[in-house]
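Trainee: This is the structure I want to talk about, given as structure tokens.
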Amino acid sequence: MTLEEEDKKYVLQTYARDYTNFVKGQGSTLYDDKDKEYIDFASGIGVNSIGHGNEKLSNALCEQAKKIIHISNLQVIEPQVKLAQKIVELSSYDMGIFFANSGAEANEGAIKIARKYGETKFENKRYKVITLEHSFHGRTITTVKATGQECFHTPHFSPYPDGFSYEKSIKDVYKAIDDETVAVLIELVQGEGGVQPFDKEEVQNLAKHLKEKEILLIVDEVQTGVYRTGEFLASNLYEIEPDIITLAKGLGGGVPIGVVMTKYKEIFTFGDHGSTFGGNYLSSTAGVVVLEVLEKLYNEKKIEETIAYFTQKLKEIVLKYENIFEKEVGIGLMRGLRAKDAQIQSSVVKNSMNEGLIILKAGKNTVRFLPSITITKQEIDKGFERFEKAISSL
Ligand SMILES: Cc1ncc(COP(=O)(O)O)c(C=O)c1O
């Protein structure tokens with residue numbers, strides 16, 4: 001049987017999979033089993049933040065694996081504590097951290113914190129969470145319900161938990177608030193929804209309003225966090241102080257990890273929340289190395305340079321191919337090109353793969369770029385050369 005046949009036989013078919021079999025990677029270059037080379041502008045949907053085959057990361061993981069991979073969270077885990085400290089310091093927020101294993105799980109934790117806050121702080125429990133229509137917050141029953149895209153609320157999985165409602169834009173959130181609203185959950189740049197950043201002033205005004213009303217602002221930084229937008233957190237870039245922030249994707253450089261951080265450090269007491277794997281030796285070690293690598297790049301202004309270079313390339317493409325793309329969108333290394341229609345979007349992604357370039361789709365008509373934060377100028381050049389070849393026949 002071929003690998004494709006085996007996959008179809010043994011793995012539940014929840015993804016419309018491409019069957020290129022990648023066997024190794026170095027930086028932002030991947031190689032398949034026929035030794036064909038690909039430039040990776042997707043980094044595993046914003047996960048391989050320091051690229052593939054990073055020696056520092058693989059050495060640290062091997063060394064840690066030889067000592068201890070896992071003990072339970074009933075014992076203190078040194079790299080977990082170190083990682084928590086590092087995240088808090090880099091964020092500049094006075095917060096406490098809970099470790100999970102994925103973005104959805106981090107958002108579940110955030111919603112639990114909000115629900116407990118709503119229960120303990122007010123005489124009549126507040127429990128409602130407002131999110132936005134094009135948002136994406138995960139695939140568990142609660143986080144699909146928190147996700148504002150109607151297509152995710154299929155009746156197959158109902159009944160869903162109560163207490164979630166969706167607004168078109170940030171401006172509409174104000175009128176949706178009632179005396180049972182406990183939190184507003186937003187991404188600052190919607191990723192899956194089409195690489196859509198929100199206006200800084202609008203977000204700052206909302207944050208101010210929520211503070212006055214004692215309603216929590218939860219920022220889902222699963223995709224925007226860990227230098228993706230150029231700052232450690234998009235919340236830093238937007239100069240706001242959320243009550244709760246979630247992280248995942250880029251933090252582990254490919255090792256599963258999730259984080260919920262909050263300024264309500266005493267909200268959870270023993271038994272309120274837990275995770276068998278969350279923040280174990282392996283994932284926390286990965287997180288520590290990823291942050292060391294990226295903090296250094298940030299301080300040397302290399303991330304800024306990479307963003308400027310990538311942005312320039314996108315602008316050139318829009319100018320040259322105005323028949324294919326309307327505009328470039330996004331912030332930092334979370335970018336997109338708005339294609340004229342969904343058909344073009346699909347062809348661009350498919351042709352790029354044939355040319356040896358991995359890119360992604362987002363929303364209805366956006367071609368999405370989530371390269372690793374450590375991508376080099378040479379890799380960017382090579383990627384865009386292939387991109388131009390891919391779109392030249394359209
Ligand atoms: C903003 C956002 N939140 C949550 C998630 C869910 O993360 P995970 O797939 O790790 O559960 C994603 C994944 O794409 C995301 O982009």
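The values are calculated or read from the model by the stated rules, or taken from the named source; none is laboratory data. Remember, predicted model here, so these are calculated numbers, not experimental data. Note that we place each Cβ from the backbone using ideal geometry, even for glycine, and neighbour counts take in every protein chain shown. The protein model used for the area step is the full one, side chains on, heavy atoms only, and it has no ligands, DNA or RNA in it. Shrake-Rupley method; radii C 1.70, N 1.55, O 1.52, S 1.80 Å.
Trainee: Residues in the range 57-73: is at least one in contact with a Phe, Trp or Tyr (Cβ under 6 Å, 6 or more places away or on another chain), closer than 30 Å to ILE307 by Cβ and touching a residue at least 12 places away in the same chain (Cβ under 8 Å)?
Mentor: no
Trainee: Quick test of your reading of the structure: VAL226 fulfils all but one of (1) without any contact (Cβ under 8 Å) to a residue 40 or more places away in the chain; (2) out of contact with any strand residue (DSSP E or B) (no Cβ under 6 Å at 6 or more places or on another chain); (3) part of a loop (DSSP other than H, G, I, E, B). Name the failing condition by number.
Mentor: The one condition VAL226 does not meet is (1).
Trainee: Related question: Please state which of the following conditions GLY336 fails to meet, knowing it meets all the rest: (1) in contact with a strand residue (DSSP E or B) (Cβ under 7 Å, 6 or more places away or on another chain); (2) open to solvent by 40 Å² or more (accessible area, probe 1.4 Å); (3) small (Gly, Ala, Ser).
Mentor: The number of the failed condition is (2).
Trainee: Collect the residues in the range 321-352 that are touching a helix residue (DSSP H, G or I) at 6+ places or on another chain (Cβ under 8 Å) and not in a strand (DSSP E or B), keeping them in residue-number order.
Mentor: TYR321, ILE324, GLY332, LEU333, VAL348, ASN351, SER352
Trainee: Within the range 167-199, can you find the residues that are in contact with a His (Cβ under 9 Å, 6 or more places away or on another chain) and either within 13 Å of the ligand (Cβ to nearest atom) or under 14 Å from HIS137 (Cβ atoms) (or both)?
Mentor: Matches in the range 167-199: LEU185, GLU187, GLN190, GLU192, GLY193, GLY194, GLN196.
Trainee: Would you say PHE22 is of a type outside the set (Gly, Ala, Ser) and open to solvent by less than 30 Å² (accessible area, probe 1.4 Å)?
Mentor: Criteria not met by PHE22.
Trainee: Among the residues that make up the range 31-51, is at least one of them at positive phi, of a type in the set (Ser, Thr, Tyr) and buried (at least 19 other Cβ atoms within 10 Å of the Cβ)?
Mentor: Yes, because at least one residue in the range 31-51 is at positive phi, of a type in the set (Ser, Thr, Tyr) and buried (at least 19 other Cβ atoms within 10 Å of the Cβ).
Trainee: Then there's this: Taking VAL259 as the residue in question, decide whether it is of a type in the set (Val, Ile, Thr) and within 21 Å of ILE373 (Cα to Cα).
Mentor: yes
Trainee: When you go through GLU192, GLU241, GLU231 one by one, which is the residue that is more than 17 Å from ALA100 (Cα to Cα), open to solvent by 10 Å² or more (accessible area, probe 1.4 Å) and over 16 Å from the mean Cα position of the chain (by Cα)?
Mentor: GLU241
Trainee: Report yes if some residue within the range 91-102 is modelled with pLDDT of 95 or more, polar (S, T, N, Q), within 16 Å of the ligand (Cβ to nearest atom) and open to solvent by less than 10 Å² (accessible area, probe 1.4 Å); otherwise report no.
Mentor: no
Trainee: Related question: What is the one condition in (1) over 14 Å from the mean Cα position of the chain (by Cα); (2) open to solvent by less than 50 Å² (accessible area, probe 1.4 Å) that SER158 does not satisfy?
Mentor: (2)
Trainee: Given the condition within 29 Å of GLU180 (Cβ to Cβ), of a type outside the set (Asp, Glu), more than 16 Å from the ligand (Cβ to nearest atom) and open to solvent by 20 Å² or more (accessible area, probe 1.4 Å), answer yes or no: does some residue in the range 214-225 qualify?
Mentor: Checked against the condition, which is being within 29 Å of GLU180 (Cβ to Cβ), of a type outside the set (Asp, Glu), more than 16 Å from the ligand (Cβ to nearest atom) and open to solvent by 20 Å² or more (accessible area, probe 1.4 Å), the range 214-225 yields no hits at all.
Trainee: With (1) open to solvent by less than 50 Å² (accessible area, probe 1.4 Å); (2) touching a strand residue (DSSP E or B) at 6+ places or on another chain (Cβ under 9 Å); (3) over 20 Å from GLY230 (Cα atoms) as the list, and HIS273 as the residue in question, which single condition is left unmet?
Mentor: For HIS273, the failing item is (1).
Trainee: Inside the range 230-273, can you point out the residues that are outside any helix (DSSP H, G or I), more than 11 Å from the ligand (Cβ to nearest atom) and out of contact with any Phe, Trp or Tyr (no Cβ under 9 Å at 6 or more places or on another chain)?
Mentor: GLU239, ILE240, GLY253, GLY254, VAL255, LYS265, GLU266, THR269, PHE270, GLY271, ASP272
Trainee: Which ones in the range 123-141 are more than 12 Å from the ligand (Cβ to nearest atom) and in contact (Cβ under 8 Å) with a residue 24 or more places away in the chain?
Mentor: Matches in the range 123-141: ASN124, LYS125, ARG126, TYR127, LYS128, VAL129, ILE130, GLU133.
Trainee: Which of the residues belonging to the range 104-139 are under 16 Å from the mean Cα position of the chain (by Cα), over 23 Å from ASP172 (Cβ atoms) and open to solvent by 10 Å² or more (accessible area, probe 1.4 Å)?
Mentor: Hits for the range 104-139 are ALA104, GLU105, GLU108, ARG139.
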